[in-house]
Structure formats: structure tokens, C-alpha cells
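Everything below concerns the one structure shown next.
The values are calculated or read from the model by the stated rules, or taken from the named source; none is laboratory data. Being a predicted model, the structure only gives us computed values, none of them experimental. All Cβ positions, even for glycine, are placed from backbone atoms using ideal geometry, and neighbour counts span all protein chains on display. When the accessible area is computed, the model is the full protein with side chains, heavy atoms only, and any ligands, DNA or RNA have been set aside. Shrake-Rupley method; radii C 1.70, N 1.55, O 1.52, S 1.80 Å.
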Amino acid sequence: WKTSQGPLEYSEIFRGEVYDARKELEGWLEPGYDDSSWTRPMELPYRADQYGGKLVAQVDPPVRVVEEIKPVSVTKTDRGTYIYDMGQNMVGNVRLKVQGGERGREVVLDHAEMLDEDGSLYKKNLRTAVPVDTYILKGSGTEIYEPTYTFHGFRFVELKGYPGEPDLDTITGRVIHTDAPVSGKLTTSDARLNKLISNIYWGQRGNFISVPTDCPQRDERLGWTGDAMVFSRTACFNMDVATFFKKYTIDMIDAQLDTGSFPDVAPNCGYHARKVGKRKGTEWIRPYTAGWADAGVIIPWTLYEVYGDKEILEQSYDALVSYMGFLI
């Protein structure tokens with residue numbers, strides 16, 4: 001293995017992405033590329049106490065770009081920026097097409113679900129999340145930028161620093177979620193009910209990204225067990241989520257507490273160990289939340305009811321018995 005600095009400055013879900021096209025390494029994927037200036041990475045020895053667990057194959061479908069959406073309008077602001085309306089609250093990112101523009105120019109994509117009263121992006125609900133992707137031009141011909149390791153929850157996109165006048169073809173929305181096949185649809189004679197059904201479906205798509213999350217936009221996006229439990233039966237009507245929830249059941253079992261209780265959040269990100277108050281001067285943690293912990297039993301049982309697969313119960317049985325013992 002050898003390593004080198006590439007164009008991706010950083011990329012993650014809460015702070016967006018910065019891509020410097022000037023640092024692209026031309027031809028590095030091709031045979032004969034000269035990597036003599038590259039360095040060797042640091043090699044760490046395996047330690048079971050630090051890297052516990054098993055390396056296993058992915059159980060659920062991969063997260064993919066499953067649909068592309070064109071914006072329905074673009075408006076120039078008094079600040080000289082451009083606000084796009086995608087026409088749909090979606091989860092993913094946007095492809096940017098830039099032609100012209102000097103080398104080193106920064107083109108910024110900012111995202112939000114709503115507009116404020118003054119027409120600017122409303123981002124108070126995002127808390128500390130910064131849904132901003134920045135592309136730095138290399139300055140040659142037509143450049144296409146697609147974010148790699150980040151996603152946002154948004155309907156509106158503000159484009160800043162674009163050279164020239166953008167149009168509706170400048171950006172394209174890329175819908176991203178776990179690629180679980182659609183398994184059911186419902187259409188009625190009532191347009192309002194149809195809109196509600198559509199909102200439920202889009203809500204499922206936006207929150208099924210490897211794990212069932214609580215929200216796709218702010219600085220949280222955690223696998224809340226209670227949220228997943230309440231929605232699991234509905235989810236089965238819309239998509240084939242057998243392997244998606246099988247994977248999540250494994251996450252819940254992996255995160256099961258020593259007491260036998262299931263946590264509020266899975267995969268385990270330390271949330272259940274957070275200090276939430278004091279009792280008689282001693283700090284304590286929340287060991288159990290009714291409804292949330294129950295997801296460890298209800299979700300596997302729901303999968304069995306819907307898909308008739310006993311394997312999920314066999315795999316979960318010891319964990320379920322431990323949880324019931326905790327309740328008793």
C-alpha cells in the first residue's frame with residue numbers, strides 16, 4: 001500500500017465536503033503511473049482488545065444513488081447567489097456542472113429544507129450541521145463535481161461563486177438511500193391522502209441510509225430504536241426491508257447493555273452512556289427507555305410476521321431472552 005494527498009480535502013455527513021480539483025492525480029488508476037513520490041502508510045498491529053468483533057459481509061443492500069431529480073426553478077438573489085428549488089424534499093446531494101471560470105475559484109453548494117421569510121435558506125433547525133459542499137475549479141473545460149462521502153436533507157440549494165449565469169441544467173439532485181426494492185404502492189381517489197402516502201414514502205427513503213435514522217438533515221441522524229420500531233411495519237409495506245432490518249437487529253444486539261436492556265440508539269455511538277442527570281449527588285445514566293428498548297423484540301417479530309423467516313428469531317433468541325429477564 002502507498003498513500004498520497006488527493007483532491008478530497010475532507011468529506012463527512014455533518015460538515016459537507018471540500019473537493020480541490022487542482023489536486024487531482026491524473027492517471028493514478030492506470031498501469032505505469034509513477035508513484036515514486038508517494039509514501040507508505042503507518043501500519044498498526046492487530047489488537048483484539050482494541051479491534052474486537054468479527055469482519056463480516058454486508059447483510060443489507062448498499063447505499064446508492066437511486067434517482068436523479070432536476071430542479072423546478074432557479075432565482076437570483078440580491079447577494080448575487082442563486083437559489084434552486086428541487087420541488088421535493090429529498091436526501092442526497094447534487095451534481096454540479098461548471099464551464100469556464102478561473103483556476104482556484106471556489107463554487108459553493110449550500111442546502112436547506114425551507115426558506116426563511118426573506119427568501120434565504122432557513123437553517124436554524126440544522127443546529128451545528130453545516131450542509132455545505134465546496135468545489136475548487138481546476139480551470140479547464142467543462143468540470144463535473146459529484147460529492148462522494150456526504151449527504152444532506154434538503155429541498156433548496158444555494159449556489160455561490162458560480163462563473164457566469166447558471167441555469168436549470170447546472171445542478172442535478174441525486175437521491176441516495178439503501179437500495180431496498182419497492183414492494184408495494186397505494187393510490188386512492190383522494191389527492192390529499194395520496195400526498196400523505198408520498199410523504200411517508202419519501203420519509204422512509206430519506207431515513208433508510210444503512211440504518212433507520214431519525215432525521216437526515218441536522219446534527220443527529222442516529223439509529224433511534226423507538227423510531228425504527230414504530231415505523232417498521234409500515235416500512236415493510238413500501239419496500240422489501242427484510243435484510244435492512246436484519247442488519248439493524250444485529251446492530252441492536254451488538255449494542256445490548258450488560259443489564260440485558262437494548263439501548264436508545266443502535267449502532268452504539270455511546271449515547272446510552274451519556275450522563276443525563278444526578279441522583280443523590282451521584283451521576284447516573286439512563287439504563288432503559290420503554291418503547292425504545294422494546295424494539296429489540298418487536299422488530300425481529302415484525303420481520304417474522306411479514307416475511308415468515310424464522311432465522312431472524314433464531315439469531316436473536318438469546319438476546320431476547322436476556323432482555324425479558326431484565327424486564328422481569
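Within the group S198, S189, which residue is among the small types (G, A, S), closer than 30 Å to E146 by Cα and open to solvent by 20 Å² or more (accessible area, probe 1.4 Å)?
Checking each option against the conditions leaves just S198.
Screening Y135 on (1) touching a helix residue (DSSP H, G or I) at 6+ places or on another chain (Cβ under 8 Å); (2) in a loop (DSSP other than H, G, I, E, B); (3) surrounded by 14 or more Cβ atoms within 10 Å (Cβ to Cβ) shows it passes everything except condition (2).
Among the residues of the range 289-305, those that are assigned to a helix (DSSP H, G or I) and open to solvent by less than 50 Å² (accessible area, probe 1.4 Å) comprise A295, G296, V297, I299, P300, T302, L303. Scanning the range 94-115 for residues that are part of a strand (DSSP E or B) and open to solvent by 40 Å² or more (accessible area, probe 1.4 Å) gives R95, K97, Q99, E106, M114, L115.
Which residue is surrounded by the most Cβ atoms within 10 Å (Cβ to Cβ), if the candidates are limited to the range 73-93 and must be among the aliphatic types (A, V, I, L, M) and more than 28 Å from P181 (Cβ to Cβ)? Write out each step before concluding.
Of the range 73-93, the ones among the aliphatic types (A, V, I, L, M) are 74, 83, 86, 90-91.
This time we only want the ones that are more than 28 Å from P181 (Cβ to Cβ), so: 74, 83.
Numbers: V74: 17, I83: 21.
Here the residue is I83.
Among the residues of the range 242-263, those that are more than 25 Å from D179 (Cβ to Cβ) and open to solvent by less than 50 Å² (accessible area, probe 1.4 Å) comprise Q256, L257, G260, S261, F262, P263. Looking only at residues in the range 119-132 that are under 13 Å from T81 (Cβ atoms) and outside any strand (DSSP E or B), which one is farthest from the chain's Cα centre (by Cα)? The residue in question is G119. Scanning the range 1-52 for residues that are small (G, A, S) and under 30 Å from T128 (Cβ atoms), we see that the one that is surrounded by the fewest Cβ atoms within 10 Å (Cβ to Cβ) is G6. Scanning the range 226-240 for residues that are of a type in the set (A, V, I, L, M, F, W, C), closer than 15 Å to I200 by Cα and open to solvent by less than 50 Å² (accessible area, probe 1.4 Å) yields A228, A235, C236, M239. Take the conditions assigned to a strand (DSSP E or B), closer than 25 Å to D219 by Cα, in contact (Cβ under 8 Å) with a residue 60 or more places away in the chain and among the hydrophobic types (A, V, I, L, M, F, W, C) and apply them to V91. Does it pass? Spelling it out, V91 is indeed assigned to a strand (DSSP E or B), closer than 25 Å to D219 by Cα, in contact (Cβ under 8 Å) with a residue 60 or more places away in the chain and among the hydrophobic types (A, V, I, L, M, F, W, C). Of all the criteria given as (1) β-branched (V, I, T); (2) crowded, with 20+ Cβ neighbours inside 10 Å; (3) touching a residue at least 60 places away in the same chain (Cβ under 8 Å), the one not satisfied by V211 is (3).
Could you check, for the range 141-163, whether at least one of its residues is within 30 Å of F237 (Cα to Cα), surrounded by 11 or more Cβ atoms within 10 Å (Cβ to Cβ) and over 18 Å from the mean Cα position of the chain (by Cα)? No, the conditions are met nowhere in the range 141-163. Quick check on R64: is it in contact (Cβ under 8 Å) with a residue 40 or more places away in the chain, open to solvent by 100 Å² or more (accessible area, probe 1.4 Å) and part of a strand (DSSP E or B)? Spelling it out, R64 is indeed in contact (Cβ under 8 Å) with a residue 40 or more places away in the chain, open to solvent by 100 Å² or more (accessible area, probe 1.4 Å) and part of a strand (DSSP E or B).
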